1. So if each residue of separation counts as 0.36 nm, and I subtract the Cα-Cα distance between Ser156 and Asn220, what length gain in nm does that give?
2. Please report, in whole Å, how far the alpha carbons of region 130-205 spread along each principal axis, starting with the longest.
3. On average over all directions, what projected area in square nanometres does region 180-246 have, based on the convex hull of its Cα atoms?
4. Tell me the GluC sites (Glu not before Pro) within region 178-218 that lie in a loop according to DSSP and have at most 14 other beta-carbon atoms within 10 Å.
5. Name the long-range amide H neighbours of Phe205: under 5 Å, sequence gap of 5 or more, or other chain; modelled H, no Pro or chain starts.
6. Over all distinct alpha-carbon pairs, what is the Kirkwood Rh of region 102-246 in angstrom?
7. When Lys and Arg each count +1 and Asp and Glu each count -1, what net charge do the other residues less than 13 Å away from Leu137, Cβ to Cβ, add up to?
8. For a test of the definition: using alpha carbon positions, the gyration tensor, and the 1.5 limit on a/c, classify region 96-160 as rounded, prolate or oblate.
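None of the figures in this text is laboratory data; all of them are computed from the coordinates on show. Predicted model, so just to flag it, every value in this text is computed and none were measured. Positions of Cβ are generated from backbone atoms using ideal geometry, with glycine treated the same way; all protein chains shown enter the neighbour counts.
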Amino acid sequence: MNPSESDARTHTDSATTHPKKRVYGRRLGRPMHAARLRTLESLLPALQIPLELLCEDAKLDPASLFPNLKNSAKIHFEIGFGSGEHLHYLMKEFPHDIFIGAEPYINGMTAFLKEFETPPDNLRVHMDDALMVLNSLEDHSVDCLYILNPDPWPKSRHHKRRIVSEENLKVFARVLKPGGMMLQTTDVDELAEWMLAQTLQNPDFEWLAETPADWVTPPNGWMATRYETKGKQAGRVQKYLVFKRI
């Protein structure tokens, strides 16, 4: 094991001490350069949500994580933000809002954090399963929820690992404010059908599509990530599923 992998594993261990383990697959991809590790060491401690607050008891007020900001700010939560392109875009578009992002993979977290020189006041992150945070948040405490190009888990025996599921949708509905928005995207046709069917079965969500073209039309002001662009170049069609919390 090289030093980069050893140091990164230390960070992984510190982020997975919670008794509920729901992240599958490797947490670390290719070995990281020393600069990436320094970024992780300098910024992650200041931005990560303390594990002792993640009791999964639906009592955590997200505004309490941002004591220096106005409680009236909108709260955005992105599940599995990858390298953080979309989250960076949102932070630039809405500089006065509050952002929470969960990404279990170390390479993605470091790619996201390296764009910051100092820890932003309006950002908190979690390098593990997003459900640990969502289960901890108070009812009706999030304005916007994003699930962008999640792992499709194509094998039937792995479908229970998909982030959009009957059980998880109950959590999403609980934490979203009435009128809050949930955006799901994927370029995997079978997964798009799965996510739509699962969400429509939940009575707390309304699908906002009005025409067949709506689910292949990006929302206003949409920024395509490199992953999305690469998929389009390969001939895949991105689906955009926009739901409102009733």
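1. 19.6 nm
2. Taking the Cα atoms of region 130-205, the three principal extents are 34, 22, 20 Å.
3. 4.7 nm²
4. Taking region 178-218 and a limit of 14 other Cβ atoms within 10 Å, the loop GluC sites (Glu not before Pro) found are Glu210.
5. Correct list: Ile246.
6. Hydrodynamic radius (Kirkwood, Cα pairs) of region 102-246 is 16.5 Å.
7. After counting each charged neighbour, the total is -2.
8. oblate
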